[in-house]
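This report refers to the structure that appears directly beneath it.
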Amino acid sequence: MNRSTVRDFMKWGAFLVAVVAVAAGSEYPAARRDAQVDDYFGTKVSDPYRWMENLDSPETTAWVAAEREHTAAALKEIPERVAIRARLRQLWNYPKFGLPEKRAGWMFYTKNDGLQNQPVLYVAQGESGKPRALLDPNQLSADGNVALAVISPSDDGKLLGYGLATAGSDWNEFHVRTVATGRDLPDVIRWVKFSSLAWTHDGKGFFYSRYPEIQKGEKLFDRLVGRQLYYHRLGSDQAADRMVFELRDHPEWDFNGDVTDDGRYLVIEVSQNAEVNNAIYYADLGEPRSPHAGAPIVPLLDKFDAQYSVIGSQGSTFFIQTTLDAPRGRIVAVDVAHPNAPWPTPVPQAADSIQDSAFVGGRIVVGTLHDVQSRLTVFAADGSASHDLKLPGIGSLEGLSGSGEDPELFYSYSSFLAPPTVFSCDVDTSAVAVFRRPATPFDASQFETRQVFCASKDGTRIPIFITARKGLKLDGTTPAWLFGYGGFNISEVPVYAPARAVWLEMGGIYAQANLRGGGEYGEDWHLAGTKERKQNVFDDFIAAADYLVGHGYTRRDRLVVEGRSNGGLLIGAVLNERPDLCAVGLPTVGVMDMLRYHTFTIGAGWAGDYGTSEDAAGFRYLRAYSPVHNVKAGVRYPAVLITTGDHDDRVFPAHSFKYAAAMQYEAAQVQGSGPILIRIDHNAGHGGASGTSPASKTIDEWADKIGFAAHHLPAQTLVIPAAPPS
């Protein structure tokens, strides 16, 4: 920091402190409201906090420091957080296992012993072999902020390609480790984001996607363009990598490359920013043990008329999961040698939507959702026969892992009351065995999950999972925590989380609503919550909240609402529309400025769900609900704790900064409104949603959120855990 920067920082810091001391009726750090006005198709829209988009300016830095101090002081007045955090640590302390990847008899999987900041990667010779720690990211940083983001063993199991993420960032750095020795090769690949690492079967190199190196003076948070697919040959410098695919006419489109299990084909899935549908390209690499990495790229399905995902191959036939003429999904077989021939459909569309599928041991494995509860079926490759695999109770599949060359399938199964158990299954015999089952200190026998349905504003049937103590009396006295998401074709299924377990132990209800915009009932359900139909998502969530109150589960003064990322947007919009809906709102890493979201980082890639303000129609419906632009004057808002990371490079933190400033400005004018707090995590990215946040940070965040919620509910409605010994 140079001398003039220090002087500016001190000037703004002194200004903020002074204003905090004298601002009439306000207890919040002051945020300058400037005269920035934008013209959208003849409509003038003010953006008084545009300056917050410059994250590292002295003014923004000073405001962040003041907000941190203010929030820390407010949270310090909630002593229950200490006991809640202690109980969180106790319930967090159980082993957690990732799905295995099997290569040439070697098993690669992650395990977290309990309270490790990051899971450790283990390798073993077969299922009965003694596991050996191959890569422990906890040894790479003192604070646990370096995470293992990508794991990709070579086909012969001798090499491990892996990606590291730092401080919650989505940017990765790729490395290669020798499995036998645990030592890294000198290869380092940078400027990688949301990329696979796909080995050719000679073990001499891999495909990956990257962006151009960001030059000095440019920002990591600017809109990303110019994605390219490269092939890296081991032992060479990244500068010598072969660029094999790009779309110069469409620099904002996204794509990734993967190699089929037999090593014969490179498959590239291409996504447009403004559409939910995608395209498939491929290259014939030839002989897998001596592949031609520079083989020509051939368009296979490039009309962007549906969603396509290649799940496996057999000879020249690709098995593809698609929504073409099947909004709930089907599996088709496309011969790349004769792509225009009629496509056999071994798995036709059915009543339930396909959530996941894989080609394992020459068979097609399909996971579906029946009213948001998982089912698992194995089909013959030609569709001639099928059989179901029995799954236990109300729960969900968490991934399918296997190879087209091997009949062993791995899958994980979880529920609201039980952490994920990893199973192995022989798809030929249907024999199922437990690969890893964790033991947890949570006593699930006291609780139960039920599923109910409510009617949204337009009459649409909305599922709600409700988990609570057995024998719950529906007299409205129980606090309830309602979670929602509603976007990007993502299904919110029953899964276990220690934070929810703590809330249940405290006597609360945990409810999860399945909103339009997700994938629970197929593509029609997804599209019903996108673009100009996004209001359906908010209506669905409000209907779920009203159901909980109307049916005696809780009362308005005992209701907590929470959402993350796109779900943070949901909570921001709902709080503006219905500030009377609940007692506490918890919008986390939310997309709050809908008029400018597409100008930051990967935001342009969300236009398929949101649309953008760059066209008149998009501007009108986005302006109607954008949380930053719809904060109301003169209303009493509930208690709100906004959460973000100071350098979230997925959802730009200025979204939460601007929303918090707008909310605090209005809340300060109304007696009894709020409080409105913003928790800005230091040296952090997208938090738990990124999958790379250290456990210690995540536990601290949940202790603050649960403590804040409990503190702003009527006294003695929850049982706070016993305080730990001093």
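The values are calculated or read from the model by the stated rules, or taken from the named source; none is laboratory data. Since this is a predicted model, take the numbers as computed values, not measurements. Glycine also receives a Cβ, built like all others from the backbone with ideal geometry; neighbour counts cover every protein chain displayed.
Numbers below:
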| item | result |
| --- | --- |
| Tabulated pairs, the range 658-681, first farther than 18 Å from residue 33 by Cα, second part of a loop (DSSP other than H, G, I, E, B) and among the hydroxyl-bearing types (Ser, Thr, Tyr), C-beta under 8 angstrom, 6+ apart or interchain | 670/637; 673/637; 674/637 |
| Selection count, the range 695-721, where residues are under 24 Å from residue 559 (Cα atoms) and either modelled with pLDDT under 90 or part of a helix (DSSP H, G or I) (or both) | 14 |
| Residue in the range 674-694 that is at positive phi, at pLDDT 95 or above, over 21 Å from the mean Cα position of the chain (by Cα) and surrounded by fewer than 24 Cβ atoms within 10 Å (Cβ to Cβ) present | yes |
| Filter result for residue 273 (under 24 Å from residue 597 (Cβ atoms) and modelled with pLDDT of 95 or more) | no |
| Identity of the residue in the range 231-253, under 30 Å from the mean Cα position of the chain (by Cα) and under 29 Å from residue 102 (Cβ atoms), that ends up surrounded by the most Cβ atoms within 10 Å (Cβ to Cβ) | 232 |
| Among (1) surrounded by 19 or more Cβ atoms within 10 Å (Cβ to Cβ); (2) at pLDDT 95 or above, the one test that residue 193 misses | (2) |
| Residue check, residue 412 touching a strand residue (DSSP E or B) at 6+ places or on another chain (Cβ under 8 Å) and either modelled with pLDDT under 95 or among the polar types (S, T, N, Q) (or both) | yes |
| Matching residues, the range 440-459, being under 26 Å from the mean Cα position of the chain (by Cα) and either surrounded by fewer than 17 Cβ atoms within 10 Å (Cβ to Cβ) or β-branched (Val, Ile, Thr) (or both) | 440, 449, 450, 451, 452, 453 |
| Residues (out of contact with any strand residue (DSSP E or B) (no Cβ under 7 Å at 6 or more places or on another chain) and touching a residue at least 40 places away in the same chain (Cβ under 8 Å)) located in the range 532-548 | 532, 534, 535, 538, 539, 542, 546 |
| Residue that is surrounded by the fewest Cβ atoms within 10 Å (Cβ to Cβ) [pool: residues in the range 573-601 that are touching a His at 6+ places or on another chain (Cβ under 9 Å) and of a type in the set (Gly, Ala, Ser)] | 583 |
| Residue count, the range 394-409 (criterion: within 25 Å of the chain's Cα centre (by Cα) and surrounded by fewer than 19 Cβ atoms within 10 Å (Cβ to Cβ)) | 1 |
| Single condition residue 529 does not satisfy, out of (1) buried (at least 21 other Cβ atoms within 10 Å of the Cβ); (2) in a helix (DSSP H, G or I); (3) not aromatic (Phe, Trp, Tyr) | (2) |
| Odd one out for residue 439 among (1) farther than 30 Å from residue 354 by Cα; (2) of a type in the set (A, V, I, L, M, F, W, C); (3) in a helix (DSSP H, G or I) | (3) |
| Counted residues, the range 97-142 - those being out of contact with any Ser or Thr (no Cβ under 8 Å at 6 or more places or on another chain), in contact (Cβ under 8 Å) with a residue 12 or more places away in the chain and assigned to a strand (DSSP E or B) | 13 |
| Close pairs from the range 710-726: first more than 23 Å from residue 581 (Cβ to Cβ) and of a type in the set (Gly, Ala, Ser), partner surrounded by 10 or more Cβ atoms within 10 Å (Cβ to Cβ) and modelled with pLDDT of 90 or more, Cβ under 6 Å, at least 6 apart | 723/83 |
| The lone exception for residue 59 - which of (1) at pLDDT 95 or above; (2) surrounded by fewer than 18 Cβ atoms within 10 Å (Cβ to Cβ); (3) among the charged types (D, E, K, R) it fails | (2) |
| Residues located in the range 444-488, provided they are closer than 24 Å to residue 502 by Cβ, touching a Gly at 6+ places or on another chain (Cβ under 9 Å) and among the aromatic types (Phe, Trp, Tyr) | 481, 483, 485 |
| Subset of the range 174-195 that is among the aliphatic types (A, V, I, L, M) and in a strand (DSSP E or B) - its residue that is farthest from residue 149 (Cα to Cα) | 185 |
| Test result for residue 16, over 30 Å from residue 717 (Cβ atoms), modelled with pLDDT under 95, crowded, with 18+ Cβ neighbours inside 10 Å and of a type in the set (A, V, I, L, M) | yes |
| Selection status of residue 500, under 24 Å from the mean Cα position of the chain (by Cα), farther than 26 Å from residue 672 by Cβ, free of Cβ contacts under 8 Å to residues at least 24 places away in the same chain and surrounded by fewer than 24 Cβ atoms within 10 Å (Cβ to Cβ) | no |
